[in-house]
Ligand code: 13P
Ligand code: SF4
């Protein structure tokens, strides 16, 4: 593809300064490093790169979809859309772009490719896996299905395309409970997150349902780190602390939280809630987004880093737009994609 001249060209100084000011307006309330906020100087350092990426996007009819966990300079510098897994999947489905760069993790990019097979879907780093998606293979799911005949097979979107292809319906953190309630089956095989399965089982019981959930052994290596004891300690240190957690956290953690929801629901809820301090039990990128969009709200240092999400960088996004390596171009086997799309489309139907 012909992107040569732009790669070689220096960004015009005036354009770079305007870009630095745009970035600074978005990032000034965000920690650049722990305890250090973004400055105009920091923004001037990255502005040539974000300027270049934004021009490359125009040239290639490309968009960047960013999960809220990736670094703030990606989210506010080059992303065309930022949200949770569900909204990002919808955005990919509805996009007319020829190229989708997915700044997130590989299962999200695979989902985009399944929904938009004619688009070129690129990932900045093919090693951006997910401990949940990597925890279960399709043959392992087939073995579980044989152990639970007749159960509805529900996969969390944090799963491979092959696992989605073996499932009856896909769900995200934002719609799992609603979809499980709407399924006719009483017995549900929910994979691959055993912790989310336990949260869902408790929530179904609390709503008077007698549905029974079986699961596999996966966990999220980020959300698995939070404990109810940690919440109790911080509540003692910060009176009025408001605790917000993701449903990948252990049931005793979600039970001890003031709000539980998908990453976008967490964003919306914090925006609409007044509290002296917030404790976010999730990935640190979400705290950066909250800082950017809620100046004045205070977040105690509770978040954790996802090593996979943190493999994304501006330099890798620029490079993949210029000259993607073969393994950065997401391909999904046609038959796998066809079967996986059935489970994803069913999610869109049942979530509506
Ligand atoms: P959300 O769908 O809530 O954004 O979650 C994705 C994820 O990977 C959380 O760890
Ligand atoms: Fe996967 Fe957890 Fe990282 Fe989300 S935070 S991408 S679930 S490892």
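Full extension of the chain between residue 94 and residue 217 yields a length gain of 40.9 nm, computed as 0.36 nm times the residue separation minus the alpha carbon distance.
Calculate I(q)/I(0) for the range 195-352 by the Debye formula, one identical point scatterer on each C-alpha and no solvent, and give its log10 at q = 0.09, 0.14, 0.19 Å⁻¹ to two decimals. Taken in order of the listed q values, log10 I(q)/I(0) reads -0.42, -0.92, -1.25.
The Cα-based radius of gyration and maximum Cα-Cα distance (Dmax) for the range 158-283 are 15.4, 48 Å. Along the Cα-to-C-beta direction of residue 334, a point sits 7 Å from the Cα; which residues of the range 99-121 have their amide N less than 14 Å from that point? Only 117-118 fall inside the zone, counting backbone N under 14 Å.
Taking other C-beta atoms within 10 angstrom as a stand-in for reagent exposure, 254, 219 fall in the order 219, 254, fewest first. Counting every pair of alpha carbons in the range 86-228, the share spaced more than 21 Å apart comes to 45 percent. Spread over its residues, the convex hull of the C-alpha atoms of the chain is 128 Å³ per residue. Shape analysis of the range 37-103 yields a ratio of the Cα radius of gyration to the Kirkwood radius, Rg/Rh, of 1.01. Each helix, a run of at least 4 DSSP H residues, gives -39500 (n - 2.57); summed and divided by the residues of the chain, these come to -13500 deg cm²/dmol at 222 nm. Comparing 228, 66, 112 in a Gaussian network model of the chain where C-alpha atoms under 10 Å apart are linked, the largest mean-square fluctuation is found at 228. Each residue of the range 289-352 gets 199 Å³ once the volume of the Cα convex hull is shared out per residue. Among rounded, prolate and oblate, which fits the range 215-284 when a ≥ b ≥ c are the square roots of the eigenvalues of its C-alpha gyration tensor, a/c under 1.5 means rounded, and a/b larger than b/c means prolate? The shape class here is oblate. Its Cα gyration tensor gives the range 20-135 an equivalent ellipsoid, and the semi-axes of that ellipsoid, as √(5λ) in whole Å with the largest first, are 26, 17, 11. Taking a ≥ b ≥ c as the square roots of the eigenvalues of the Cα gyration tensor, the range 11-61 is prolate, since a/c reaches 1.5 or more and a/b is larger than b/c. Counting neighbouring Cβ atoms within 10 Å and putting the fewest first, the residues 164, 297 line up as 297, 164.
Read-outs: derived from the displayed coordinates by stated rules, not from any lab. Note that the structure is predicted; figures quoted are calculated from it, not measured. Here Cβ is always computed from backbone atoms with ideal geometry, including for glycine, and neighbour counts include all displayed protein chains.
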